[in-house]
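Chemist: My questions will all concern the structure given below.
The values are calculated or read from the model by the stated rules, or taken from the named source; none is laboratory data. What you see is a predicted model; the values in this text were computed from it and never measured. Counting neighbours? That spans all protein chains shown, and the Cβs are built from the backbone with ideal geometry, glycine included. For the accessible areas, the whole protein counts, side chains as well, though only heavy atoms, and no ligand, DNA or RNA atoms are used. Shrake-Rupley method; radii C 1.70, N 1.55, O 1.52, S 1.80 Å.
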Amino acid sequence: MPLRSFPSLPFRSTADQRPRGRTRLLTLLALLAPPTQGGVLTVGLTAGLTAGLTLGLPGGALAAQPALGSVQLTFTVDQTATFVNGDPVTLLAAPRLVGGRTMLPLRETAALLGHPLPGTAGQVQLARLSVDTRQNSASLNGTPQPAGTVATLGGVLYVSARTLADALNANLSTDDGRTFTLTALRDGGNPLIPQARFSTDKTTYAPGERVVYTEYPFDPDGADITARRWTGRQDAYFQPGTYTVSLTVTNSRGLQSQPFTRTIRVEGTPIDTPLTYALKYALPGDSFPDPQVLSYPSATPTTAEGPSYPLLFSDSPEVPAQSGVLYQDSLSGRARLLAYHLNGLGRPARLYVMARNLESRPVEVRSERLGETAPTRIEGILGQVTLLEYFASSGGTTLNLLPGQTAAVYASPTLSAGSGVNVMQDLITSGRVELTFLMLEDALPPTAQVMQQLPYLRPDGKHVRGTFQGAVRSLRVNLGALPARIVIGDGRVDPALTGTDALTGQSVRLSGNYGVLYDLEVNGAAGTAVALSPRGGLYRGAMHVQDGPITQTIKLPRTGNALKPDEPVLLWRPQSDRLNIDFVPSSGSNLPISLVFYRARTLSGFGGLLKTYQP
């Protein structure tokens, strides 16, 4: 039975066709753009057209969302309007009648039919048809085709529709000699590669509405899916328009799937802005935009009574060029040690913290908490890893020192030339001990005899060393109007510690309060969201929160660096009215920072929709 002609296809008004045709025109423009890396371009046509097809260019392969059954392409000579399985599509290049042959644009046609078009420079292959694009010639199963089967018109490669049908074992029919229907099976693909699959909870969303993705890729032989690569995926789209999302997966054998594609339409009344969306859905450690963050008023904490013990800080010379004593002081009881140094000796070396018993009786030296990063050449990670280790530690070694005895309470791994170490350690001693920070070339042991011969290294004039009272700063704040900020490490609102360099007797100032633990108690925190806003540049650190029965250490940011004040990083959404935050300024990062508190309760109407399911 002859297939229907073009005029008998379902009628759509001009108003219906115009936006849909524009969407497909833009899609096909994407199809014919220069190849992406690997020679594969991914597109989405319509939900009715299986939501997505891709065009394989030379060097690449087809990557289409799988669909069952045949593809019917209905076209008319000299018209760009065409239909694919009943859905309207606007071609970039109209079918042409050349020398008595009906000709189709090869690349667009292959994409619409769901077939790959692989090849090399000057040669492409469509099923059984080989096309020489330089000679405008073709062969079918190795048999040369008549002259005129291939033509280049206006820079577009055309091939005879009849030859395409033969190459694909397809059916080509017409009622009037101008309107044709080409019916072909889709390409079967490679049976060995894994299959990418995903769905979304809807096909049309409001601006700022959360998109729920459900992934269900599989491998034909049951191999594990080991990698996923998304293009175009966003958790929410804030501007109206049509968006194409594609997923490619790789299995444990290293075989990669073709991209699987779906199209999303965004229209209507916004549900959330980027800020209100982040306050509902961002994960701890995620950054989000807030251009108003620096305009928020400051919430002024009050100082509370808390533990008081010294901080021994060793950061000068930051890059010692020879073995020697970096810093030294004596103490009794509890103390925090912080050392930050790079190996400038030009040969392997180690950092030591040595404890010597100054009492006439045995003394116990116990390590309560320890965080360390070593060795590394990446200064940005020194402080963050140390803090994560420090908050995760729960007690360490205990040393019993006889009168005059010396032992290492810390010894770094071997540091290659130019690599660094950052260590933060809480100690408690049962008597007075002398603590000495040493940098020693790896060949020298930290014995009492070696230590007696070491020089005291001079400060470098740029960094700080010294002993500072107040290793814990206890602060309390009651939240009122929100948003509001708590500023830390600016030297004005949050003053820097002052102390003494025990080796020179000079007064020193600890800019940034590195090594100081801020014990921050926030009241009125339930229903808020708190974020870190970097104000001095690169920041990588960690914070420890206690929210009722929940305790958690948060890596800030989750990946990369926090850099911009107007892109804060989410810390936590408190459930309890009282939130406790332990914060230590991160070595190797820039201060000051602000802790920003927002009201995060879900409201009705604007921003009220909350989607909790996210597989």
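Chemist: Scan region 102-116 and give yes if some residue there is touching a Pro at 6+ places or on another chain (Cβ under 8 Å), within 22 Å of residue 77 (Cα to Cα) and either without any contact (Cβ under 8 Å) to a residue 12 or more places away in the chain or among the hydroxyl-bearing types (Ser, Thr, Tyr) (or both), otherwise no.
Modeler: Yes, region 102-116 contains at least one residue that is touching a Pro at 6+ places or on another chain (Cβ under 8 Å), within 22 Å of residue 77 (Cα to Cα) and either without any contact (Cβ under 8 Å) to a residue 12 or more places away in the chain or among the hydroxyl-bearing types (Ser, Thr, Tyr) (or both).
Chemist: Identify all residues within region 147-201 that are farther than 25 Å from residue 134 by Cβ, among the hydroxyl-bearing types (Ser, Thr, Tyr) and open to solvent by 50 Å² or more (accessible area, probe 1.4 Å); write none if there are none.
Modeler: Matches in region 147-201: 174 only.
Chemist: Is it the case that region 288-300 has a residue that's under 30 Å from residue 215 (Cβ atoms) and within 35 Å of the chain's Cα centre (by Cα)?
Modeler: yes
Chemist: Next question. Exactly one condition in (1) farther than 25 Å from residue 541 by Cβ; (2) crowded, with 20+ Cβ neighbours inside 10 Å; (3) within 43 Å of the chain's Cα centre (by Cα) is not met by residue 429; state its number.
Modeler: So the condition that residue 429 fails would be (3).
Chemist: Tell me whether region 521-533 contains one or more residues that are of a type in the set (A, V, I, L, M), farther than 21 Å from residue 424 by Cα, open to solvent by 10 Å² or more (accessible area, probe 1.4 Å) and touching a residue at least 40 places away in the same chain (Cβ under 8 Å).
Modeler: Yes: one or more hits.
Chemist: Taking residue 518, is it modelled with pLDDT of 95 or more, of a type in the set (Phe, Trp, Tyr) and open to solvent by less than 20 Å² (accessible area, probe 1.4 Å)?
Modeler: Considered against the rule, which asks whether it is modelled with pLDDT of 95 or more, of a type in the set (Phe, Trp, Tyr) and open to solvent by less than 20 Å² (accessible area, probe 1.4 Å), residue 518 comes out as yes.
Chemist: Can you tell me how many residues within region 84-100 are within 15 Å of residue 181 (Cα to Cα), in a strand (DSSP E or B) and open to solvent by 60 Å² or more (accessible area, probe 1.4 Å)?
Modeler: Here the count works out to 1.
Quick grid of which residues meet (1) under 17 Å from residue 597 (Cβ atoms); (2) at pLDDT 95 or above; (3) in a loop (DSSP other than H, G, I, E, B):
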site: 525; (1), (2), (3): yes, yes, yes
site: 531; (1), (2), (3): yes, yes, no
site: 537; (1), (2), (3): no, no, yes
site: 543; (1), (2), (3): yes, yes, no
site: 559; (1), (2), (3): no, no, yes
site: 565; (1), (2), (3): yes, no, yes
site: 579; (1), (2), (3): yes, yes, no
site: 586; (1), (2), (3): no, no, yes
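Chemist: While we're on this one: Take region 449-479 and flag every residue that is open to solvent by 50 Å² or more (accessible area, probe 1.4 Å), of a type outside the set (S, T, N, Q) and not in a strand (DSSP E or B).
Modeler: 455, 458, 459, 460, 461, 462, 463
Chemist: Sort through 482, 503 and tell me the only one that's open to solvent by 10 Å² or more (accessible area, probe 1.4 Å) and within 30 Å of the chain's Cα centre (by Cα).
Modeler: 482
Chemist: Show me the strands (runs of 3 or more DSSP E) found entirely inside region 377-442 where at least 3 residues are within 22 Å of residue 340 (Cα to Cα).
Modeler: 406-411, 420-429, 433-441
Chemist: Among (1) under 17 Å from residue 409 (Cα atoms); (2) surrounded by fewer than 20 Cβ atoms within 10 Å (Cβ to Cβ); (3) of a type in the set (Val, Ile, Thr), which single condition is residue 363 missing?
Modeler: Failed condition: (2).
Chemist: Does residue 536 fit the bill of being at negative phi and open to solvent by less than 10 Å² (accessible area, probe 1.4 Å)?
Modeler: No.
Chemist: Looking at region 104-118, can you tell me whether even one residue there is assigned to a strand (DSSP E or B) and either out of contact with any strand residue (DSSP E or B) (no Cβ under 6 Å at 6 or more places or on another chain) or at pLDDT 90 or above (or both)?
Modeler: Checking region 104-118: at least one residue is assigned to a strand (DSSP E or B) and either out of contact with any strand residue (DSSP E or B) (no Cβ under 6 Å at 6 or more places or on another chain) or at pLDDT 90 or above (or both).
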